[in-house]
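Every number here is computed from the coordinates shown, using simple stated rules; none is lab data. Keep in mind that what you see is a predicted model, and the values were worked out from it rather than measured. Quick reminder, even Gly has a Cβ in these numbers, built from the backbone with ideal geometry, and neighbours come from all protein chains shown.
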Amino acid sequence: MDPCISVSGLRKSYGSLNAVDGVSFDVEYGKVFGFLGPNGAGKTTTIRVLTTVVHPTSGNVRIFGQDIVKHSREIKKRIGVVLQEPSFEANLTVERALELYGLMWGMPGEKRRDRARDLVEKFDLASFKGMKNDELSIGQRRRVQVAREFMHDMDLLFLDEPTVGLDPAARRMLLDYVKKHVKGGLTVFFTTHIMEEAEYLCDEIAIINKGRIIATDTPAGLKQRYGGVKAVEIRLKDSTAQSVMHIIRPIAGASAIETPAEGTIRISSAEAQEMLVRIIESLSKNAVQIESVSVNPPTLEEVFLTVIGNEKS
């Protein structure tokens with residue numbers, strides 16, 4: 001079976017600026033594909049091409065096995081799009097806006113009303129469903145904007161920074177709702193600046209910078225490939241972190257040392273395990289009791305910063 005999205009050599013130029021410069025990737029059906037990068041990396045331009053808002057300068061893009069330029073109308077009928085830019089009907093109440101969106105997609109009346117009621121409940125919109133959209137907070141508008149896309153049945157959903165303005169509880173609710181639909185077969189193309197979201201939701205991640213994809217793998221695969229630096233954490237039993245620094249610093253060398261709590265020391269190092277053995281030996285010789293030790297893998301954020309940093313060096 002062909003992938004849901006197939007991109008080969010995609011370029012999009014604006015004059016002399018190559019916003020997207022030879023990008024290639026595939027997105028399998030029923031998966032969440034994370035597209036991460038710093039501001040201005042080419043993420044939004046790529047989404048605008050994939051959602052048929054703008055035509056590519058060159059390259060080949062196929063969605064559902066169809067060319068996006070030749071078959072844009074058919075493709076649009078099967079996708080949902082939540083862009084970064086706010087989008088709402090200012091003078092309509094939340095409930096009426098949902099129903100209007102369903103009407104635009106040709107949903108029958110009873111099904112439309114049932115779907116709207118369900119989304120009001122699932123996205124926790126009941127307390128302000130009778131308010132006009134221009135009276136809502138940024139976070140409330142964002143929830144309505146995402147909920148609105150689920151008023152119609154779709155096979156592919158583009159989410160461009162969907163959780164901007166949402167509190168942690170609303171973010172998790174939204175991500176869990178998306179996860180549920182992915183299990184039902186929905187494919188999702190997802191951008192975010194919050195690495196915890198990407199790790200929680202994505203099956204595969206591509207990192208883009210300056211219009212080029214510089215890394216692609218699963219979250220675990222990226223950590224394995226680029227997560228050379230690990231964090232050693234040592235919790236002391238009856239000593240403070242400061243009281244043993246004269247022992248720790250010569251061993252840690254130039255590695256970053258943190259003291260998140262009075263009796264806790266955290267050191268980031270590419271030679272974490274070897275260093276930990278030496279520290280334990282030295283602390284033992286000095287009769288310093290240890291309560292616990294751990295070597296923690298890098299976070300996805302640390303991996304992201306490493307990959308982007310390698311591009312700059």
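Could you calculate the FRET efficiency of Met1 with Trp105 from 1/(1 + (r/R0)^6), where r is the beta carbon distance between them and R0 is 30 Å, rounded to 0.05? Each step should come with its number before you reach the end.
Values: r = 26 Å, r/R0 = 0.88.
After rounding, the FRET efficiency stands at 0.70.
Here each label is just a point 7 Å from Cα along the line to Cβ, and for Lys132 and Lys210 those points are 4.9 nm apart. Annotation note: GluC sites (Glu not before Pro) in the stretch 235-313 located in DSSP loop regions with a Cβ neighbour count of at most 12 within 10 Å are Glu262. Counting neighbouring beta carbons within 10 Å and listing from fewest to most, the residues Val23, Val178 come out as Val178, Val23.
Taking label positions 7 Å along the Cα-Cβ direction at both Arg225 and Gln273, the computed distance is 2.2 nm, reported to one decimal. With viscosity set to 1.002 mPa s at 20 °C, what whole-number translational diffusion coefficient in µm²/s follows for the chain from Stokes-Einstein and a Kirkwood radius over Cα pairs? Rounded to a whole number, D works out at 96 µm²/s.
Applying a threshold of 25 Å to the alpha-carbon distances of Lys70/Lys122; Lys77/Lys111; Lys31/Lys122; Lys31/Lys230 flags Lys70/Lys122; Lys31/Lys230 as lying beyond it. Net charge of the neighbourhood of Phe150, taken over other residues with C-beta under 11 Å away and scored Lys/Arg +1, Asp/Glu -1, is +1. Among DSSP beta bridges lying fully in the stretch 147-223, give the percent that are antiparallel, nearest 5. Roughly 50 percent of the DSSP beta bridges within the stretch 147-223 come out antiparallel. I'd like to know which of Ala126, Asn91, Tyr101 lies farthest towards the positive end of the charge dipole of the stretch 70-181, counting +1 on Cβ of Lys and Arg and -1 on Cβ of Asp and Glu. The listed residue farthest towards the positive side: Tyr101.
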